[in-house]
Amino acid sequence: MQNFQQNLSLACRDKIKQPVIYCVLVIILSLLPIVIKSTYVIQIFIIVFVYIIATSSLRTIATSGQVSLGHAGFMSIGAYSAGIMSKLLGWAPWITIPLGAIATSAIAILVGYPFSRLRSIYFSMISLFFGVAILSINSVFAEYTGGSYGLTGIPPMFIGSKIPYYYYFLGLTVFSLLFLYRIESCRIGMSFKAIAQSPQVASSIGINESGYRVLALAVGCFIVGLVGASYAHYNTVLSHSSFNFLASIYLLVYMIVGGIQSFGGPIIGVVILVWVPELFRDLKEFTPYIFVAIILVVVYVMPKGITGLFERVKLWIKMRREGKVITHAS
Amino acid sequence: MLLKIDGLTKHFGGITALNHIDMYVNQGEMVGLIGPNGAGKTTVFNLITGFLRPNIGKIFFDGYAITGMKPHVIAKLGIGRTFQLNPFFGEFTVLQNILASFYLHPKSNLWDAFFNTHTYRRNEAYILEQATEILVQVGLYKVKDELAKNLPHGYQKMLGMARALATKPKLLLLDEPMGGMSSEEIDFALTAIQKTRQQGITILLIEHRLQIMDFCDRIIVLSFGTKIAEGTIHEIRKKEEVIKAYFGIDHAT
């Protein structure tokens with residue numbers, strides 16, 4: 001039995017190898033505000049956390065074979081619903097944030113059923129249209145959403161310092177990543193991957209294809225709604241343009257550069273690429289072009305992203321050590 | 001009668017792929033489905049397993065009318081199948097392929113899976129034991145950690161069968177289980193199929209090789225979407241229509 005348990009953990013989950021390292025990393029991150037006094041750096045860290053959560057949730061949807069191009073649109077649902085609820089109804093952030101996440105998830109389930117009939121590129125197309133359409137709905141209900149002026153005066157979560165926000169978003173990141181990791185490493189994640197690889201074979205073994213597609217979308221959108229709603233209470237101003245098509249594309253770029261195959265891919269992608277707009281501040285209009293250049297290089301040089309490159313180097317070192325020549329079996 | 005098909009008709013655009021097919025499979029039988037290329041054999045499989053909907057006709061399995069049901073529901077009722085091409089999950093290892101195929105037995109609950117409860121862990125351990133047994137049965141245990149897409153062709157076909165067995169079907173549909181296999185692999189596959197049959201699983205299979213046809217209780221011959229013959233191998237060998245369909249009119253006379 002013991003042996004079976006061990007085999008099992010090898011077979012269906014890539015166990016977190018050194019939980020200690022991750023704990024140390026979280027402790028270092030939580031000590032950071034004591035060392036760094038600059039509000040600017042703290043703000044950048046908060047943005048990094050927001051992007052890590054959003055990109056990881058995008059990857060969870062992508063493991064089921066659905067690459068969403070409208071993820072920022074889903075994030076806007078969480079952000080705007082939380083913002084409007086707290087502004088009009090005067091509810092506390094601790095209520096509006098979970099409600100925002102639930103609203104996002106509910107809309108994902110509603111649109112997920114018709115979307116689940118479309119596979120691969122067709123899903124990407126419809127999700128792109130969804131992302132654009134949800135923004136137009138914003139301007140239709142300008143009375144509540146503020147239209148193109150943006151939604152202003154959302155009650156903040158904490159008054160004054162940015163440090164509490166830092167801890168809040170750090171905690172949210174840890175929670176979201178654990179949540180998504182758990183989904184991925186259990187049978188649910190296995191079914192997502194099975195659907196992505198071969199929908200026919202998956203349904204022939206009894207996996208409800210459209211059901212799991214919708215589930216993946218609902219889970220990913222719950223997390224992105226959660227971070228979107230938190231962002232509304234952090235920024236207190238929501239602008240139309242922060243959730244546009246380009247924002248969705250950026251999330252996709254972070255994911256592809258980091259690597260879709262592994263769970264850590266989005267995290268690495270965000271940590272490396274979030275500095276790009278900061279570095280090229282003077283060339284703000286050209287940021288999209290810089291991203292295009294980066295993605296072209298990545299797709300040609302390392303099609304499986306940065307984590308894929310790590311894997312390849314690891315394999316190469318292992319082969320060298322064993323004195324084998326790398327052969328490609330297929 | 002485990003499977004019963006009544007007047008099954010399927011059109012693809014203007015082409016009639018199947019025209020009023022009636023057939024049945026009894027419990028514990030092994031039935032072969034043969035016919036020249038394009039006869040509609042795989043279409044029959046796709047209709048039974050719900051990947052296609054028939055234009056006319058009804059399919060009954062184990063007392064249920066399964067016409068037009070979704071594939072995953074039909075799988076749940078106990079029909080397992082293999083595919084001619086891409087019979088597995090390429091990016092999974094051999095063992096993972098089988099583990100994923102134990103989706104239905106025992107039925108895992110989403111909450112149990114997410115919270116990693118005691119029931120879930122016990123189920124997973126049980127599944128692993130069963131998966132190992134199946135891999136030993138079809139002779140894939142030694143390659144269990146290879147990625148499925150890297151396997152040689154014969155192994156891939158066997159993996160497809162192992163995957164279908166893992167769903168614990170009452171009826172197993174095998175679509176050319178030996179297509180492109182070498183003679184040793186065929187012997188091996190034959191023993192695996194025989195073993196499956198001894199476990200009481202009913203088999204309906206598409207195959208061109210006559211070796212396996214000798215093991216079938218009954219053979220159904222399709223040609224251009226119509227059933228032209230049915231019977232034991234000795235009976236159908238003598239039928240004029242069958243010879244015509246396979247070798248042309250000249251040889252029949």
The helices (runs of 4 or more DSSP H) lying entirely within region A:1-117 that contain at least 2 residues which are at pLDDT 90 or above, surrounded by 16 or more Cβ atoms within 10 Å (Cβ to Cβ) and within 14 Å of another protein chain (Cβ to nearest Cβ) are A:39-63
Taking only pairs six or more apart or across chains, which ones have beta-carbon atoms under 6 Å, a first residue in region A:164-180 that is free of Cβ contacts under 8 Å to residues at least 60 places away in the same chain, and a second residue that is not in a helix (DSSP H, G or I)? A:Pro164/A:Phe158
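Of all residues in region B:45-60, which are touching a residue at least 60 places away in the same chain (Cβ under 8 Å) and either facing chain A (nearest Cβ under 8 Å) or among the acidic types (Asp, Glu) (or both)?
Correct list: B:Thr49 only.
Could you grab me the full set of residues in region B:5-46 that are among the β-branched types (Val, Ile, Thr) and either within 20 Å of the chain's Cα centre (by Cα) or closer than 24 Å to B:Gln194 by Cβ (or both)? Break it down stepwise before answering.
The first filter runs over region B:5-46 and keeps only residues among the β-branched types (Val, Ile, Thr), leaving B:5, B:9, B:15-16, B:21, B:25, B:31, B:34, B:42-44.
Within region B:5-46, B:Ile5, B:Ile21, B:Val25, B:Val31, B:Ile34, B:Thr42, B:Thr43, B:Val44 meet the criteria.
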If you scan region B:159-188, which residues turn out to be under 9 Å from the mean Cα position of the chain (by Cα) and in a helix (DSSP H, G or I)? B:Met161, B:Ala164
Region B:142-169 - residue that is away from chain A (no Cβ under 12 Å) and in contact with a Ser or Thr (Cβ under 7 Å, 6 or more places away or on another chain) and, of those, nearest to B:Pro71 (Cα to Cα): B:Met161
For region A:143-210, please list each of the helices (runs of 4 or more DSSP H) lying entirely inside it that holds at least 1 residues being within 11 Å of another protein chain (Cβ to nearest Cβ) and over 20 Å from the mean Cα position of the chain (by Cα). A:187-197, A:199-204
Give B:Thr132, B:Thr191 a once-over and let me know the one that is in a helix (DSSP H, G or I), loosely packed, with under 15 Cβ neighbours inside 10 Å and not small (Gly, Ala, Ser). B:Thr191
Working only within region B:206-227, note down all residues that are part of a strand (DSSP E or B) and either within 14 Å of the chain's Cα centre (by Cα) or surrounded by fewer than 16 Cβ atoms within 10 Å (Cβ to Cβ) (or both). B:Ile206
Being part of a loop (DSSP other than H, G, I, E, B) and more than 14 Å from the chain's Cα centre (by Cα) is the filter here, so list the residues in region B:194-205 that pass it. B:Gln199, B:Gly200
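Quick check on region B:61-113: of everything there that is charged (D, E, K, R), more than 7 Å from every other protein chain (Cβ to nearest Cβ) and free of Cβ contacts under 8 Å to residues at least 60 places away in the same chain, which residue is nearest to A:Glu184 (Cα to Cα)?
Initial filter on region B:61-113 (charged (D, E, K, R)): B:62, B:70, B:76, B:81, B:91, B:107, B:112.
Retained after the next criterion (residues that are more than 7 Å from every other protein chain (Cβ to nearest Cβ)): B:62, B:70, B:107, B:112.
Those left that are additionally free of Cβ contacts under 8 Å to residues at least 60 places away in the same chain: B:70, B:107, B:112.
Values: B:Lys70: 26, B:Lys107: 19, B:Asp112: 14 Å.
Restricting to residues being charged (D, E, K, R), more than 7 Å from every other protein chain (Cβ to nearest Cβ) and free of Cβ contacts under 8 Å to residues at least 60 places away in the same chain, the top hit is B:Asp112.
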Residues satisfying the stated conditions in region B:129-141, i.e. of a type in the set (A, V, I, L, M, F, W, C) and within 12 Å of chain A (Cβ to nearest Cβ): B:Ala131, B:Leu135
Out of all the residues in region B:135-149, which are surrounded by 14 or more Cβ atoms within 10 Å (Cβ to Cβ) and of a type in the set (D, E, K, R)? B:Lys144, B:Glu146, B:Lys149
What is the number of the single condition among (1) within 7 Å of chain A (Cβ to nearest Cβ); (2) within 30 Å of B:Asp187 (Cβ to Cβ); (3) of a type in the set (Gly, Ala, Ser) that B:Ala125 does not meet? (2)
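For (1) on the phi > 0 side of the Ramachandran plot; (2) among the hydrophobic types (A, V, I, L, M, F, W, C); (3) in contact with a helix residue (DSSP H, G or I) (Cβ under 7 Å, 6 or more places away or on another chain); (4) modelled with pLDDT of 85 or more, each residue gets a yes or a no:
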site: A:Phe291; (1), (2), (3), (4): no, yes, yes, no
site: A:Ile294; (1), (2), (3), (4): no, yes, yes, yes
site: A:Gly305; (1), (2), (3), (4): yes, no, yes, no
site: A:Ile317; (1), (2), (3), (4): no, yes, no, yes
site: A:Arg321; (1), (2), (3), (4): no, no, no, no
site: A:Lys324; (1), (2), (3), (4): no, no, no, no
site: A:His328; (1), (2), (3), (4): no, no, no, no
Name the residue, out of A:Ala62, A:Ala82, that is closer than 27 Å to A:Ser191 by Cα, under 20 Å from the mean Cα position of the chain (by Cα) and not acidic (Asp, Glu). A:Ala62
Which residues, counting only those in region A:32-75, are under 19 Å from A:Leu110 (Cα atoms), among the hydrophobic types (A, V, I, L, M, F, W, C) and in contact with a Gly (Cβ under 9 Å, 6 or more places away or on another chain)? A:Leu58, A:Ile61, A:Ala62, A:Leu69, A:Ala72, A:Phe74, A:Met75
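The values are calculated or read from the model by the stated rules, or taken from the named source; none is laboratory data. The model shown is predicted, which means the values in this text are computed figures rather than measured ones. Cβ atoms come from the backbone with ideal geometry, glycine included; neighbour counts cover every protein chain shown.
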